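Structure first, then comments.
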Amino acid sequence: MLSLSKISTNGKFMFLAYDHGLEHGPSDFNDINIDPNYILDIADKAKFNAVILQKGIAEKYYVPFRKKVSLIIKLNGKTSFVEDEPYSAPLCTVDEAIKLKACAVGYTVYVGSKFESLMFKEFGNVVREAHNKNIPVIAWMYPRGKAVKGKEDSPKVLAYAARAGLELGADILKMHYAGSVQDMRLVVESAGRAKVVISGGLKTNEREFLKDIKDAIKAGCSGVAVGRNVWQAKEPLGLSKEICRIISEW
Ligand code: FBP
């Protein structure tokens, strides 16, 4: 049985995502959070279970400074220049991630994209290799492309994407919040024995952000894998403490 103990506390996950430089470019950053050291400090001090990085940042900032927080390496990615039918290309191998001391690997699958079958195949190889080496796999199951345009956050489409993640062999599914406890429950039920964590999305009002987390946990989610809402916050440590309290109370 695969162990998730290095990236969880009492079965719950609190991950800090920082792969936005590749996905979105500098538009998400200000003078402070453009520095990966700032994010690694938050992850360490706020006791996140793990930080999510692309390999280049891990090599230059995580490995040399021997951070306490566990590392999840995002194995694929794309820039925001690509529109319409998205494809997230593999950029790092499971072996490279292990050499960087990653405790888990992450992979985006754009469910519904014209390139879905290729991404399924490549993701299948990642799951096989990671599981052979006892490394858990987190799948960003994001509905995208013409076939699902305008329905990316529809509960039924999210539930379908979550089910696909379970069937493809992911251990943890990173999903958008479906909008209500009831709708999120459908997503969690569809995910079966794969755990579900929610992403944060664009920076929003902190009270709303915390309410969504609370409702997601009520619906059966096992935690969060959030980025902008934390490291763009005025007081990331205070906000993280609140997130931790909500997650561990349930
Ligand atoms: P946020 O909590 O900031 O939304 O981060 C979650 C995340 O999945 C990141 O890991 C990733 O870089 C980004 O969102 C991708 O967002 P999108 O698919 O909307 O470009």
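The values are calculated or read from the model by the stated rules, or taken from the named source; none is laboratory data. None of these values were measured; they are calculated from a predicted model. So basically every Cβ, Gly included, is an ideal-geometry build from the backbone, and we count neighbours across all protein chains shown. The protein model used for the area step is the full one, side chains on, heavy atoms only, and it has no ligands, DNA or RNA in it. Shrake-Rupley method; radii C 1.70, N 1.55, O 1.52, S 1.80 Å.
Remind me, relative contact order of region 1-131 in percent, using alpha carbon pairs under 8 angstrom and six or more residues apart?
Numbers: 181 pairs, mean separation 29.1, N = 131.
Relative contact order comes out at 22 percent.
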Completion exercise
Listed by chain and number, the residues whose amide H is under 5 Å from that of GLY223, excluding neighbours fewer than 5 places away on the same chain and using placed H, are PHE13, ILE198
Exercise for the section: Ignoring everything but the protein chains, give the 1.4 Å probe accessible area of PHE115 in square angstrom, nearest 10. Expected result: 70 Å²
Problem - Heavy-atom surface of region 5-248, accessible at 1.4 Å and reported per residue (Å²) - result: 47 Å²
Fill in the blank from the handout: Answer in debye to the nearest 20: the dipole magnitude of the chain about its Cα centre, from +1 Lys/Arg and -1 Asp/Glu charges placed on Cβ, is 600 debye
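Return the subset of LYS55/LYS211; LYS6/LYS149; LYS99/LYS203; LYS78/LYS151 for which the Cα-Cα distance in this structure is over 29 Å, preserving the input order.
Numbers: LYS55/LYS211 33 Å; LYS6/LYS149 37 Å; LYS99/LYS203 33 Å; LYS78/LYS151 21 Å.
Violating the 29 Å limit, Cα to Cα: LYS55/LYS211; LYS6/LYS149; LYS99/LYS203.
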Fill in the blank from the handout: Quick tally, 1.4 Å probe accessible area for ARG228, ARG207, ARG163, sorted with the most first, runs ARG207, ARG163, ARG228
Problem - Exposure of LYS214 as accessible area (Å², to 10), given a probe of 1.4 Å and all protein chains - result: 90 Å²
Completion exercise
If unit charges are put on Cβ atoms (+1 for Lys and Arg, -1 for Asp and Glu) and the dipole of the chain is taken about its Cα centre, the option from MET14, CYS92, TYR61 lying farthest towards the positive end turns out to be MET14
Completion exercise
Cross-link reach from LYS68 to aspartates and glutamates, straight Cα distance under 16 Å and at least 8 residues apart if same chain, gives ASP41, ASP44, GLU59
Exercise for the section: Run through the DSSP bridge list for the chain and note the antiparallel percent, rounded to the nearest 5. Expected result: 10 percent
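Ignoring ligands, DNA and RNA, what percent of the accessible area of the chain is carbon or sulfur (1.4 Å)? Walk me through the numbers before you get to the answer.
Working: 6400 of 12190 Å².
Of all accessible area on the chain, carbon and sulfur atoms account for 52 percent.
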Problem - Residue (of ILE42, CYS103, GLY25) at the positive-pole extreme of the chain, dipole from beta-carbon charges - result: CYS103
Practice task
Name all residues of region 105-129 having a backbone nitrogen under 20 Å from the label point set 7 Å from the Cα of VAL82 along its Cα→Cβ direction, giving them as ranges.
Solution key: 105-127
Practice task
Provide THR9, THR108 ordered by accessible surface of protein heavy atoms (probe 1.4 Å), highest first.
Solution key: THR9, THR108
Exercise for the section: About the Cα centre of region 133-188, how large is the charge dipole given +1 on each Lys and Arg Cβ and -1 on each Asp and Glu Cβ? Please answer in debye to the nearest 20. Expected result: 180 debye
Exercise for the section: Normalising by the residue count of the chain, find the relative contact order in percent from Cα pairs under 8 Å and 6+ residues apart. Expected result: 17 percent
Handout entry: Computed accessible area, TYR38, all protein chains, 1.4 angstrom probe, square angstrom
Key = 70 Å²
Fill in the blank from the handout: Mean Cβ-within-10 Å packing, highest first, puts peptides 184-193, 138-147, 238-247 in the order 138-147, 184-193, 238-247
Fill in the blank from the handout: The distance between the Cα centres of region 95-155 and region 204-250, in whole Å, is 24 Å
Handout entry: Cα centre as origin, Lys/Arg/Asp/Glu Cβ charges: region 1-87 dipole, Debye
Key = 740 debye
Practice task
Work out the charge dipole of the chain with +1 on the Cβ of Lys and Arg and -1 on the Cβ of Asp and Glu about the Cα centre, then indicate which of GLY150, GLY112, LEU4 is farthest towards its positive end.
Solution key: LEU4
